[in-house]
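Reviewing the structure listed below.
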Amino acid sequence: MPQTNPPPLLGVTADSIPAFLTSKNRWGLWQAIWSEKRKKYDKIPKGPQGYGISTTHTAKWCSYETALAALPTNKIFAGIGYLMTGGDGLVGIDMDKCVTEGVIAPWAQEIVDKVGSYTEVSPSGNGIRIFTEGRIDFD
């Protein structure tokens with residue numbers, strides 16, 4: 001089977017990320033590796049110097065500012081990400097395959113409107129992520 005060309009990833013829109021996310025030292029960077037089998041990118045967590053990090057061990061996590069500053073310094077980085085592991089007073093909602101040619105599907109837009117919090121298009125360009133203050137008692 002011939003290899004498909006991986007789709008381009010959207011860049012980071014840093015000025016739109018709210019303080020309730022940027023004020024916490026729960027950030028890392030990620031490397032995008034195309035999975036031909038799954039037809040999507042695997043996002044490998046990395047630290048600012050390019051080393052691997054764990055999403056469950058906080059020792060190598062960094063500030064938003066550190067992650068953002070490191071993004072252009074290493075070609076392996078595809079983006080930055082907030083590490084949502086464990087209770088931190090935030091809840092994430094991840095909706096896949098709900099954006100087509102930049103238009104959010106009506107069912108997904110209804111959820112975005114009801115939650116009323118920071119929302120971003122996923123790096124693939126075809127999904128939505130919502131971050132809101134709240135609590136879920138399990139990871």
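The values are calculated or read from the model by the stated rules, or taken from the named source; none is laboratory data. Just so you know, these numbers come straight off a predicted model, no measurement behind them. No Cβ is skipped: glycine too gets one built from the backbone with ideal geometry, and neighbour counts run over all protein chains shown. To get the accessible areas, we keep the full protein, side chains included, count just its heavy atoms, and leave off ligands, DNA and RNA. Shrake-Rupley method; radii C 1.70, N 1.55, O 1.52, S 1.80 Å.
Taken over segment 72-93, the residue count meeting the criterion of being on the phi > 0 side of the Ramachandran plot and free of Cβ contacts under 8 Å to residues at least 24 places away in the same chain is 0.
Remark: Pro45 falls outside the filter, which requires a residue to be in contact with a Phe, Trp or Tyr (Cβ under 6 Å, 6 or more places away or on another chain), surrounded by fewer than 14 Cβ atoms within 10 Å (Cβ to Cβ) and either at pLDDT 95 or above or closer than 23 Å to Ile130 by Cα (or both). Among the criteria (1) open to solvent by less than 70 Å² (accessible area, probe 1.4 Å); (2) in contact with a helix residue (DSSP H, G or I) (Cβ under 8 Å, 6 or more places away or on another chain), the one Gly116 does not fulfil is (2). Put simply, of Thr13, Thr56 the only residue that is within 20 Å of Thr132 (Cβ to Cβ) and among the β-branched types (Val, Ile, Thr) is Thr13.
Within segment 23-39, one or more residues are touching a residue at least 24 places away in the same chain (Cβ under 8 Å) and at positive phi.
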